[in-house]
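Novice: Dumping the structure here so I can ask a few things about it.
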Amino acid sequence: YLLDRIRNFSIIAHVDHGKSTLADRLLELTGTIKRGHGQPQYLDKLQVERERGITVKAQTATMFYSHQIHGLGNNDVSEPPKFLLNLIDTPGHVDFSYEVSRSLAACQGVLLVVDAAQGVQAQTVANFYLAFESNLTIIPVINKIDQPTADPDRVKAQLKSMFDLDPSDALLTSAKTGQGLEQVLPAVIERIPPPPGDSSSPLRMLLLDSYYDEYRGVICHVAVVDGVLRKGDKFSSVATGQTYEVGDIGIMHPELTPTGILLTGQVGYIISGMRSTKEARVGDTLHHNRSIVQPLPGFKPAKHMVFSGLYPADGSDFEVLNHAIERLTCNDASVSVSKETSSALGMGFRCGFLGLLHMDVFHQRLEQEYGVHVISTVPTVPYIFEYSDGSKVEVQNPAALPSQSKQRVTACWEPTVIATIIMPSEHVGPVITLCSERRGQQLEYSFIDSQRAFMKYRLPLREIVVDFYNELKSITSGYASFDYEDSEYQQADLVKLDILLNGQPVDAMATIVHNLKAQRVGRELVEKLKNFIDRQMFEITIQAAIGAKVIARETISAMRKNVLAKCYGGDITRKRKLLEKQKEGKKRMKRVGSVDIPQEAFNELLKVS
Ligand code: GTP
């Protein structure tokens, strides 16, 4: 393929605006997948992606499409030239904006999909700027025009006023009915430039993504920027200096399709005997082993915004959990993992995630794909503490912070984000109240059109990790949209809040909170815990404390619990069933000291503060 017959593009959109459906239609239209192949949203491969209807991991597919570019003076050609189009799917959730920018690095243009009824939303803005800053050609696609509430003209006006996009450039489509779809690929070919690059230069490839396949080992997605790579070639990594031999090479069409070669401008896969995805650093430059090349601009490394401890619900399952986490991180290098020990929960792991959804998805995959039951502790953000001897430490686990340190804490910092919120004008008041309750600082406030307001806030990351999005949705009847990017650290007055059960601090329940909120949070936490911990055969006291000072206390009185009492004179199978059931129920319990704590109690802790 000649370079000018190749186009690399992505579809970017606010969540649910129809990106995956549009991708499917394009794959069908080009015969890459069969129409009605029975699996909607081909590119959404993971089970969690299907269940939750969100795209988590970006996938790529190559399509072939014949198109005659008009006005080039060769209209008499009976057979229009065939183009090779690489569609790079991007995730649609704010947690994964890192993967969006990664996908964009291999593209020269994007389809910016906007729902014709909902109009421009927070992630439309965020994604637009990602593409704009990378100098990509932006093709606006106003989708879902079949909806009764669709108002494409209003969306065109928004695109003009927000992004200075020419309304006449917008394509109107319905990925559902198929209306307007025939204009999409011609627009991709005519408006998006072919990839730059030089086929006679030494090979340079960008490593876009990698995953581990049970049978084939590590599979790398790459974009060939310059030069050519063939099966059997030896190549090296700039990041690790390691050399590999290409065992298999080809395109995703949409399954792995061997071609023996990848040319300049192509996007495809290589399999080369890498043992772990840790060797395949996303953003790395790969080159022929004997040539020296200028590394390609890499990506910002993924930044971990949320940390949580993961422990086996049953202590003896540690090895099972260890194995599951190892396998899963093979496919999701954006999770950081280190071993940790909790006096309450035993041996486990401290994991860092891109955001709350990312954490949830990881948790769900551990259970679904590996069948391990996990207790996860209250998520925390990475704080920085400075001590009187001048040392500074990043605290990823509140338990690691001594309650009464020999060293005095002299200052603390917390991470902040810049949040973009778009909402119908009538909801502005409650949103401002919410943001100030969450210690936000307003940076910008304007209107997209007569009905929609746009705000930018600096907010402490901690305040949005804790249920911010749900709250925002509920006060705006679901009409607000939200996106954020990480920003700098700011100084804050933070304290460690300990939870004590029967006088013993439970390290896995410690949190770091803002001093002004500590009293209220402490009170709410013990009240919640009281509701979630079952009465047991002895009295349980629950306390919240800052250092040696107890700020809240509740007591659960003793009770004798005997499941068998119910089947007096009973039938033995029923008895067995009941015992089984109780065992089931226990799975998600964790015995701390002598108190059984259900996973729900940990989940509830998150919702306070
Ligand atoms: P993420 O993968 O989570 O980013 O979402 P997405 O942007 O890919 O949206 P998706 O394709 O999953 O579509 C969201 C919903 O909108 C689905 O229920 C689709 O069936 C529906 N949808 C997509 N396109 C159209 C359209 O043109 N018209 C109508 N009426 N519904 C559509």
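The values are calculated or read from the model by the stated rules, or taken from the named source; none is laboratory data. Everything quoted here is computed from the prediction, not taken from an experiment. All Cβ positions, even for glycine, are placed from backbone atoms using ideal geometry, and neighbour counts span all protein chains on display. SASA here: full protein model, heavy atoms, side chains in, ligands and nucleic acids out. Shrake-Rupley method; radii C 1.70, N 1.55, O 1.52, S 1.80 Å.
Novice: Does Asp493 satisfy the criteria of being acidic (Asp, Glu), open to solvent by 30 Å² or more (accessible area, probe 1.4 Å) and within 24 Å of Ile384 (Cα to Cα)?
Specialist: On the way: acidic (Asp, Glu): yes; open to solvent by 30 Å² or more (accessible area, probe 1.4 Å): yes; within 24 Å of Ile384 (Cα to Cα): yes.
For Asp493, the condition - acidic (Asp, Glu), open to solvent by 30 Å² or more (accessible area, probe 1.4 Å) and within 24 Å of Ile384 (Cα to Cα) - is met.
Novice: Name every residue in the range 496-512 that is in a helix (DSSP H, G or I) and open to solvent by 20 Å² or more (accessible area, probe 1.4 Å), in order of residue number.
Specialist: First, the residues of the range 496-512 that are in a helix (DSSP H, G or I): 507-509.
The one that is in a helix (DSSP H, G or I) and open to solvent by 20 Å² or more (accessible area, probe 1.4 Å): Asp507.
Novice: Looking at the structure I just gave you, is Phe132 surrounded by fewer than 19 Cβ atoms within 10 Å (Cβ to Cβ), among the aromatic types (Phe, Trp, Tyr) and touching a strand residue (DSSP E or B) at 6+ places or on another chain (Cβ under 8 Å)?
Specialist: Values: surrounded by fewer than 19 Cβ atoms within 10 Å (Cβ to Cβ): yes; among the aromatic types (Phe, Trp, Tyr): yes; touching a strand residue (DSSP E or B) at 6+ places or on another chain (Cβ under 8 Å): yes.
For Phe132, the condition - surrounded by fewer than 19 Cβ atoms within 10 Å (Cβ to Cβ), among the aromatic types (Phe, Trp, Tyr) and touching a strand residue (DSSP E or B) at 6+ places or on another chain (Cβ under 8 Å) - is met.
Novice: From the list Val184, Val188, pick out the single residue that is within 16 Å of the ligand (Cβ to nearest atom), open to solvent by less than 40 Å² (accessible area, probe 1.4 Å) and either touching a Leu at 6+ places or on another chain (Cβ under 6 Å) or not in a loop (DSSP other than H, G, I, E, B) (or both).
Specialist: Testing whether each residue is within 16 Å of the ligand (Cβ to nearest atom), open to solvent by less than 40 Å² (accessible area, probe 1.4 Å) and either touching a Leu at 6+ places or on another chain (Cβ under 6 Å) or not in a loop (DSSP other than H, G, I, E, B) (or both) leaves just Val184.
Novice: Also, quick follow-up: For the range 447-484, what are the residues that are open to solvent by 20 Å² or more (accessible area, probe 1.4 Å) and over 22 Å from Ala13 (Cα atoms)?
Specialist: Of everything in the range 447-484, those that are open to solvent by 20 Å² or more (accessible area, probe 1.4 Å) and over 22 Å from Ala13 (Cα atoms) turn out to be Ser450, Arg458, Arg462, Asp467, Glu471, Ser474, Ile475.
Novice: Let me ask something else about it. Being over 20 Å from Gly197 (Cβ atoms), surrounded by fewer than 20 Cβ atoms within 10 Å (Cβ to Cβ) and either of a type in the set (Val, Ile, Thr) or in contact with a helix residue (DSSP H, G or I) (Cβ under 8 Å, 6 or more places away or on another chain) (or both) is the filter here, so list the residues in the range 288-309 that pass it.
Specialist: Once the filter is applied, which keeps residues that are over 20 Å from Gly197 (Cβ atoms), surrounded by fewer than 20 Cβ atoms within 10 Å (Cβ to Cβ) and either of a type in the set (Val, Ile, Thr) or in contact with a helix residue (DSSP H, G or I) (Cβ under 8 Å, 6 or more places away or on another chain) (or both), the range 288-309 yields Lys300, Lys303.
Novice: Quick one: in the range 142-168, which of the residues that are in contact with a strand residue (DSSP E or B) (Cβ under 6 Å, 6 or more places away or on another chain) and assigned to a helix (DSSP H, G or I) is farthest from the ligand (Cβ to nearest atom)?
Specialist: Leu159
Novice: OK, next. So which strands (runs of 3 or more DSSP E) stay within the range 310-376 end to end and still have 2 or more residues that are of a type in the set (Ser, Thr, Tyr) and surrounded by fewer than 17 Cβ atoms within 10 Å (Cβ to Cβ)?
Specialist: Numbers: elements: 336-342, 346-353, 374-376.
Passing ranges, in order: 336-342.
Novice: Listed residues His93, His37; which is touching a Leu at 6+ places or on another chain (Cβ under 6 Å) and either at pLDDT below 80 or farther than 19 Å from His221 by Cβ (or both)?
Specialist: None of the others qualify; the one that does is His93.
Novice: So Val218 passes all but one of these: (1) open to solvent by less than 40 Å² (accessible area, probe 1.4 Å); (2) at pLDDT 90 or above; (3) of a type in the set (A, V, I, L, M). Which condition number does it fail?
Specialist: (2)
Novice: Which count do you get for residues in the range 40-51 that are open to solvent by less than 40 Å² (accessible area, probe 1.4 Å) and either within 9 Å of the ligand (Cβ to nearest atom) or at pLDDT 85 or above (or both)? It would help to see each step written out before you state the result.
Specialist: As a first pass, look at the range 40-51 and keep what is open to solvent by less than 40 Å² (accessible area, probe 1.4 Å): 42-44, 46, 48-49.
Subset that is either within 9 Å of the ligand (Cβ to nearest atom) or at pLDDT 85 or above (or both): 43-44, 49.
Total meeting the criteria: 3.
Novice: Identify, please: which residue in the range 424-434 is in contact with a helix residue (DSSP H, G or I) (Cβ under 9 Å, 6 or more places away or on another chain) and surrounded by 13 or more Cβ atoms within 10 Å (Cβ to Cβ) and is, among those, farthest from Lys160 (Cα to Cα)? I'd like the intermediate steps shown before the answer.
Specialist: First, the residues of the range 424-434 that are in contact with a helix residue (DSSP H, G or I) (Cβ under 9 Å, 6 or more places away or on another chain): 427, 430-431, 433-434.
So of that shortlist, the ones also surrounded by 13 or more Cβ atoms within 10 Å (Cβ to Cβ) come out as 427, 430-431, 434.
Numbers: His427: 24, Pro430: 28, Val431: 26, Leu434: 30 Å.
Among those residues, the one meeting the criterion is Leu434.
Novice: In the range 195-226, which residues are in contact with a Phe, Trp or Tyr (Cβ under 6 Å, 6 or more places away or on another chain) and not aliphatic (A, V, I, L, M)?
Specialist: Selection gives His221 alone.
Novice: In addition: Look at Asp233 and say whether it is closer than 21 Å to Leu85 by Cβ and among the acidic types (Asp, Glu).
Specialist: When the stated conditions are applied, Asp233 does not pass them.
Novice: Also, quick follow-up: When both residues are 6+ apart or on different chains and their Cβ atoms are under 6 Å apart, which pairs have a first residue that lies in the range 503-517 and is without any contact (Cβ under 8 Å) to a residue 60 or more places away in the chain, and a second that is surrounded by fewer than 17 Cβ atoms within 10 Å (Cβ to Cβ) and not small (Gly, Ala, Ser)?
Specialist: Asn515/Asp493
Novice: Can you spot a residue in the range 173-180 that is within 16 Å of the ligand (Cβ to nearest atom) and assigned to a helix (DSSP H, G or I)?
Specialist: No - not one qualifying residue is present in the range 173-180.
Novice: Okay, next question. For Glu414, work out the one condition from (1) outside any strand (DSSP E or B); (2) buried (at least 16 other Cβ atoms within 10 Å of the Cβ); (3) under 26 Å from the mean Cα position of the chain (by Cα) it doesn't fulfil.
Specialist: Glu414 satisfies every listed condition except (1).
Novice: Mind counting the residues in the range 164-181 that are open to solvent by less than 60 Å² (accessible area, probe 1.4 Å) and within 28 Å of the chain's Cα centre (by Cα)?
Specialist: Final tally of qualifying residues: 3.
Novice: Show the residue pairs meeting these rules: Cβ distance below 9 Å; 6+ apart or different chains; first residue within the range 155-170 and touching a residue at least 60 places away in the same chain (Cβ under 8 Å); second residue open to solvent by 30 Å² or more (accessible area, probe 1.4 Å).
Specialist: Short answer, once both residue conditions are applied: Ala157/Pro167; Ala157/Asp449; Gln158/Asp449; Ser161/Asp449.
Novice: I've got another one for you. Just the residues that are away from the ligand (no atom under 14 Å from the Cβ) and either within 18 Å of Ala187 (Cα to Cα) or crowded, with 19+ Cβ neighbours inside 10 Å (or both), please, taken from the range 1-28.
Specialist: At the first step, the residues of the range 1-28 found to be away from the ligand (no atom under 14 Å from the Cβ) are 1-9.
Across the range 1-28, the qualifying residues are Leu3, Asp4, Arg5, Ile6, Arg7, Asn8, Phe9.
Novice: Moving on to the next point. Check Thr285 against each of (1) modelled with pLDDT under 85; (2) open to solvent by less than 40 Å² (accessible area, probe 1.4 Å) and name the one condition it does not meet.
Specialist: The single condition Thr285 does not satisfy is (1).
Novice: Just to check your reading of the model, which residue among Gly217, Gly232, Gly197 is more than 18 Å from Arg102 (Cα to Cα), away from the ligand (no atom under 16 Å from the Cβ), touching a Gly at 6+ places or on another chain (Cβ under 6 Å) and not charged (D, E, K, R)?
Specialist: Within the list Gly217, Gly232, Gly197, the selection yields Gly197.
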